[in-house]
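Below is one structure; the comments refer to it alone.
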């Protein structure tokens, strides 16, 4: 896939606004401020494609990025940010539930976790939820540049061990949007999912 040709298409507040031409989608999820938008920008090599912010909780819609004619990346609302209004959180949960449980075009979820704070309760809830629906998950341990290689590898191994119950559906890697660590590996995973034509 030519990720550097990706373009922002639209934001959808509800499922009825999702692009009808979509055949395969890969969603990006993660705790607010884990580096989700930065990961999308680095993988596509397009600075500013997904809007980054120092204020967590800014992604409140399903943001669609068109990779090719019928293949899309979807930036999901970040979760776990307590300062977002309760009513807004409930709307996010309602939309996410409907999307993940009914969207047949969804081939996999890229789950972003800050390597310094992996497997938070919100992350574990998300993993249990999506794997219960047999949706593959690829975890990016983001901001890997914040740790030296030894501690980063130790964290990677610890997370892999913790994920053994999900071994059939979940994979994990190191990732740094700043240093470019793991970008090719992430693209290979996306390529494999995009290559699937089954519904």
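Any read-out appearing in this document is the output of simple, stated calculations on the displayed coordinates, not a laboratory observation. Because the structure is a prediction, the values reported are computed rather than measured. Counting neighbours? That spans all protein chains shown, and the Cβs are built from the backbone with ideal geometry, glycine included.
Quick notes on this one:
- Neighbour-count order for 181, 95, fewest beta carbons within 10 angstrom listed first: 95, 181
- GNM remark for the chain: springs join alpha carbons under 10 Å apart, and the peak mean-square fluctuation among 42, 94, 143 falls on 94.
- Helical content alone sets the calculated 222 nm signal of the chain at -10000 deg cm²/dmol, taking -39,500 (n - 2.57) per DSSP H segment of four or more residues and averaging over every residue.
- Shape summary: the chain maps onto an equivalent ellipsoid whose semi-axes, from the alpha-carbon gyration tensor, are 23, 19, 18 Å in decreasing order.
- Evaluated on segment 65-170, the Kirkwood hydrodynamic radius is 15.4 Å, with distances taken between all distinct Cα atoms.
- Taking other C-beta atoms within 10 angstrom as a stand-in for reagent exposure, 117, 138, 2 fall in the order 2, 117, 138, fewest first.
- Each label was represented as a point 7 Å from its Cα along the Cα-to-Cβ direction; for residue 179 and residue 15 these points are 4.1 nm apart.
- In nm, spacing of pseudo-spin labels at residue 121 and residue 102 (7 Å Cα→C-beta vector): 3.0 nm
- Averaging the sequence gap over all C-alpha pairs within less than 8 Å and six or more residues apart, then dividing by the number of residues, gives segment 3-194 a relative contact order of 24 percent.
- If the segment from residue 195 to residue 7 were pulled out straight at 0.36 nm per residue, it would be longer than the present Cα-Cα gap by 65.7 nm.
- Share antiparallel - DSSP beta bridges, the chain, percent rounded to 5: 30 percent
- Pairwise FRET efficiency - residue 47 versus residue 23, Cβ, R0 = 22 Å, nearest 0.05: 0.20
- GNM result for the chain, Cα springs below 10 Å: residue of 171, 97, 44 fluctuating most strongly: 97
- Among 154, 142, 37, residue whose mean-square fluctuation peaks in a GNM of the chain (springs only between Cα atoms under 10 Å): 154
- Among 116, 71, sorting on how many other beta-carbon atoms sit within 10 Å of each Cβ, with the fewest leading, yields 116, 71.
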